1. Can you run down the residue pairs with Cβ atoms below 7 Å, 6 or more apart or on separate chains, where the first is in the range 11-34 and of a type in the set (Lys, Arg) and the partner is modelled with pLDDT of 80 or more?
2. Since MET285 meets every condition but one in (1) open to solvent by 60 Å² or more (accessible area, probe 1.4 Å); (2) within 30 Å of THR348 (Cα to Cα), which condition does it not meet?
3. Take the conditions assigned by TED's automatic domain parsing to the domain that holds VAL125 and modelled with pLDDT of 90 or more and apply them to ALA51. Does it pass?
4. Among residues belonging to the range 17-29 that are under 23 Å from the mean Cα position of the chain (by Cα) and surrounded by 16 or more Cβ atoms within 10 Å (Cβ to Cβ), point out the one that is farthest from the ligand (Cβ to nearest atom).
5. Can ASP109 be described as of a type in the set (Asp, Glu) and over 30 Å from TYR198 (Cα atoms)?
6. Checking the conditions here, which among ASN203, ASN214 is within 21 Å of ARG79 (Cβ to Cβ) and either hydrophobic (A, V, I, L, M, F, W, C) or in contact (Cβ under 8 Å) with a residue 12 or more places away in the chain (or both)?
7. Being touching a Leu at 6+ places or on another chain (Cβ under 7 Å), open to solvent by 50 Å² or more (accessible area, probe 1.4 Å) and within 30 Å of VAL217 (Cα to Cα) is the requirement here; does LEU259 meet it?
8. Of everything in the range 289-307, what is open to solvent by 50 Å² or more (accessible area, probe 1.4 Å) and over 16 Å from VAL171 (Cα atoms)? Give them in sequence order.
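The values are calculated or read from the model by the stated rules, or taken from the named source; none is laboratory data. Predicted model, so just to flag it, every value in this text is computed and none were measured. Here the Cβ positions follow ideal geometry from the backbone for every residue, glycine too, while neighbour counts run over all protein chains shown. When the accessible area is computed, the model is the full protein with side chains, heavy atoms only, and any ligands, DNA or RNA have been set aside. Shrake-Rupley method; radii C 1.70, N 1.55, O 1.52, S 1.80 Å.
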Amino acid sequence: MPLNVHPDIASLVPYLPGKPIEELERELGIPRAIKLASNENPIGPSPKALAALSTEAAGTLNRYPDGGAHRLRRALADRYKLTPDQVILGNGSDEIIGLLARTFLSPGDEAVMADQTFVIYKMEVTAAHGVSVVVPLKEGRHDLPAMAKAVTPKTKLVFVCNPNNPTGTMVPAADVAALMAQVPDDAIVVFDEAYYEYVVSRNFPDSLGYVKQNRNVVVLRTFSKIYGLAGLRIGYGLTTPEITGYLNRLRPPFNANSLAQRAALAALEDEDHVARSRAMNQAEMTRLRRDLVSLGFQPLPSEANFLYFDVGRSGREVFEALLREGVIVRHIEGRMLRVTIGLPEENTRFVDALKRVLPRE
Ligand SMILES: *Cc1c(COP(=O)(O)O)cnc(C)c1O
């Protein structure tokens, strides 16, 4: 049957998620596969969140969720000293990226982003018939001065992924201050801070401070990473009441499901789970970095829960060889691999597998 599809949509390539463990086990018949490919929390979900998903919560699944997510928005607002009308929830923060593109881009409008960053930005900008203006990373980091220069009167959105996925690198407060001094007031700067809770650097920018100054800034965070709720799909944006007002015109009314709302509320209070997750990530990232360095690799400095490094040969081949060892990592492009920090035994297995698949000198 003939189909008329807009060339912008036809140009998109479906997002390739990290391979699920079951798929690898089924396809290659490999038992006990491990997945270090999607920056998930290897410890698991917050136990408090699991308790909140008890039969009591599930027993109300015949009802629509609270479309306004009042309790969760109130809890997030209290935590960040904002008002609930400054909080918007999404079916994952991914959904809010799409809402931002569709709400603020007219066809031909520009969105500035790094050339190597979270792939969803480009996808959503294209879907909204906008133009992605990509600025090369500099020494593995967002080049914020070059991004500021790339802003034109057509620029409606500037994406700063901090820490950046897939590199793990961070832009510090001083660089962000310089960017904010240069970007025109009417362009919206989106700080995607999906890995915020993992950051240990003291120079991490206070992006919420700009929201509190009523700048056109959106801070995106998620329950998918340190809180361990990726499967429930819930993330949030913190911004001005004016921006949430516009986003809410396009937001599907029940986009945050009822179980996700309950679990997120409980996870937010589970400081012990967050602290344990952060501590294990720090210790294991240090160990994994050391092991990779001893194999001759140079992972970029990371403030997140993954390491990004040049394997010095076809990344695809190493990725595929690791799959046959039952270890799922992420091949980004060329010689670059991204590996999520797993449990201690998973990281050991990854390093052992990597040693086996590398050609012997
Ligand atoms: C994982 C991730 C997200 C979060 O996505 P969700 O839709 O909330 O699961 C957003 N941005 C970046 C950069 C990420 O890596």
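1. Pairs found: LYS19/ALA37; LYS19/ILE328; ARG32/GLY326.
2. Checking MET285 against (1) open to solvent by 60 Å² or more (accessible area, probe 1.4 Å); (2) within 30 Å of THR348 (Cα to Cα), the one that fails is (1).
3. On the way: assigned by TED's automatic domain parsing to the domain that holds VAL125: yes; modelled with pLDDT of 90 or more: yes.
Yes: the conditions hold for ALA51.
4. Residue satisfying both the conditions and the ranking: ILE21.
5. On the way: of a type in the set (Asp, Glu): yes; over 30 Å from TYR198 (Cα atoms): yes.
Yes, satisfied.
6. Details: ASN203 fails: within 21 Å of ARG79 (Cβ to Cβ).
That would be ASN214, the only listed residue that is within 21 Å of ARG79 (Cβ to Cβ) and either hydrophobic (A, V, I, L, M, F, W, C) or in contact (Cβ under 8 Å) with a residue 12 or more places away in the chain (or both).
7. Details: touching a Leu at 6+ places or on another chain (Cβ under 7 Å): yes; open to solvent by 50 Å² or more (accessible area, probe 1.4 Å): no; within 30 Å of VAL217 (Cα to Cα): yes.
Here the answer is no, as LEU259 does not meet what is asked.
8. Keep residues of the range 289-307 that are open to solvent by 50 Å² or more (accessible area, probe 1.4 Å), which gives 289-290, 293-296, 298, 301.
If the condition is that a residue be open to solvent by 50 Å² or more (accessible area, probe 1.4 Å) and over 16 Å from VAL171 (Cα atoms), then ARG289, ARG290, VAL293, SER294, LEU295, GLY296, GLN298 are the ones that fit.
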